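Here the structure is laid out as structure tokens; the discussion comes afterwards.
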Amino acid sequence: MKDSREHILKKLLDAESVVYFTGAGISAESGISTFRGAGGIWNKLKPEELASFDAFLRNPDLVWEWYQYRRTVLKDAKPNAAHIAIAESEKSFPNVDVVTQNVDNLHRRAGSTSVYELHGNIERNFCIKCHTYYNQPDLPFENKAPKCECGGLIRPDVVWFGEYLPQEVFEASEQAARNCDVMFVIGTSAVVYPAAGIPSMAIRHGAYLIEINIEPTDITYSVNASLMGKAGEVLPGLLNEIKPPKK
Ligand code: BJW
Ligand code: ZN
């Protein structure tokens, strides 16, 4: 921790606008694997074989198998205490936005109402030829990547390496970063760009940054407060302290 807990609480009590910038670590306590670090997906599987458009064209069945596996895990997963604390904090701050790199939909399922998904959403798919959208439950997978009526391959609506982020979502996230008083940076290694530039943008525009992570990251040195621990424990503990007492 850099700033004292009292100072952090004062910043939170004064905040009008709060942004939560989240990564895979916030969903770890829901049983979803992170990409990097202990138990990370990229320790066992190669990103270049699974998370790029070239990889998809080379082996669409393999890429589908990986996404279907993750969807099976997600079906049984629930938002954890951190997702829920974020959604409930809409009662404590006049303006709350979630800017997430996650594709797992757990922020929305927790009840957050303003969610910007920088890397897409695993519950959607689209045809690479005619761009027709397909919702996940409508697409059974039997070891073959599904095809659209037009003959085009259907892919998950996520952002792979070398692909542009959805422009409107990215611009809205940048605007939220420029306008917020406090930004939480939770469960991200902050190494994947351009998403990882969002916290720096908030700093440049005068926001107070609070990082929550189980280990130091690339941005730890530039935040105001660094709280080491699990998001599902640290965040609800902190936000509970600024809740008005129940009458
Ligand atoms: C806890 C916890 C607990 C654990 N509580 N904390 C050099 C070479 C090649 C490319 C590049 C390069 N330099 C830059 C690039 C571009 C590239 C990039 O940034 N690469 C870097 C990795 C080097 N970026 C892109 O390609 C992006 N597009 C782009 O740049 O477009 C412009 C362009 C277009 C055309 C040509 C050229 C440029 C797109 C990036 C897309 C990223 N996609 C993925 C997959 C999404 C779909 C899917 O889920 O399948 O997004 S990769 C993966 O990483 C995923 C994540 O959103 C993203 C970030 O990961 P995140 O969320 O930070 O997770 P982890 O696992 O890294 O960290 C977890 C953290 O949680 C850790 O710190 C733990 O300690 C912590 N933790 N448990 C709290 N309980
Ligand atoms: Zn099509």
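Among the residues of the range 93-150 satisfying the criterion of being among the acidic types (Asp, Glu) and outside any strand (DSSP E or B), which is farthest from ligand 2 (Cβ to nearest atom)? First the steps, then the outcome.
Here is the first cut: in the range 93-150, the residues among the acidic types (Asp, Glu) are 97, 104, 117, 123, 138, 142, 149.
With outside any strand (DSSP E or B) added as a condition, the list becomes 104, 138, 142, 149.
Working: Asp104: 26, Asp138: 14, Glu142: 19, Glu149: 6 Å.
So the residue we want is Asp104.
Inside the range 64-80, can you point out the residues that are over 16 Å from Ile154 (Cβ atoms), in a helix (DSSP H, G or I) and not charged (D, E, K, R)?
Passing the criteria: Tyr69, Thr72, Val73, Leu74.
When you scan the range 154-171, how many residues do you find that are surrounded by fewer than 16 Cβ atoms within 10 Å (Cβ to Cβ) and either β-branched (Val, Ile, Thr) or away from ligand 1 (no atom under 13 Å from the Cβ) (or both)? Write out each step before concluding.
Within the range 154-171, the first condition is being surrounded by fewer than 16 Cβ atoms within 10 Å (Cβ to Cβ), and the residues that meet it are 161-164, 167-168, 171.
If we keep only those that are either β-branched (Val, Ile, Thr) or away from ligand 1 (no atom under 13 Å from the Cβ) (or both) as well, we get 168, 171.
The qualifying residues number 2.
Can you list residue pairs whose Cβ atoms sit under 7 Å apart, with the first residue in the range 136-147 being touching a residue at least 24 places away in the same chain (Cβ under 8 Å) and the second being assigned to a loop (DSSP other than H, G, I, E, B) and within 14 Å of ligand 2 (Cβ to nearest atom)? Count only pairs 6 or more apart in sequence or on different chains.
Cβ pairs passing all conditions: Pro146/Leu139.
Picking from Ala77, Ala110, which residue would you name as being small (Gly, Ala, Ser), within 25 Å of Asn179 (Cβ to Cβ) and without any contact (Cβ under 8 Å) to a residue 60 or more places away in the chain?
Working: Ala77 fails: within 25 Å of Asn179 (Cβ to Cβ).
It is Ala110.
Could you count how many residues in the range 109-138 are exposed (fewer than 13 other Cβ atoms within 10 Å of the Cβ) and within 25 Å of the chain's Cα centre (by Cα)? Spell out how you get there, then give the answer.
Initially, the range 109-138 is screened for residues exposed (fewer than 13 other Cβ atoms within 10 Å of the Cβ), giving 113, 130-131, 133, 135, 137-138.
Next, only the ones that are within 25 Å of the chain's Cα centre (by Cα) stay: 113, 131, 133, 135, 137-138.
So the answer is 6.
Could you count how many residues in the range 151-179 are touching a residue at least 40 places away in the same chain (Cβ under 8 Å) and either part of a helix (DSSP H, G or I) or within 16 Å of ligand 2 (Cβ to nearest atom) (or both)? Lay out the reasoning, then the answer.
Taking the range 151-179 as the starting set, the residues that turn out to be touching a residue at least 40 places away in the same chain (Cβ under 8 Å) are 153, 155-156, 158-163, 165-166, 169-170, 172-173, 176-177, 179.
In the following step, the residues that additionally are either part of a helix (DSSP H, G or I) or within 16 Å of ligand 2 (Cβ to nearest atom) (or both) were identified as 153, 155-156, 169-170, 172-173, 176-177, 179.
Residues that pass the stated criteria total 10.
Since every read-out is calculated from the coordinates, none of them should be taken as a lab result. Small disclaimer: the values here were computed from a predicted structure and weren't measured. Note that each Cβ is placed from the backbone with ideal geometry, even for glycine, and that neighbours are counted across all protein chains shown.
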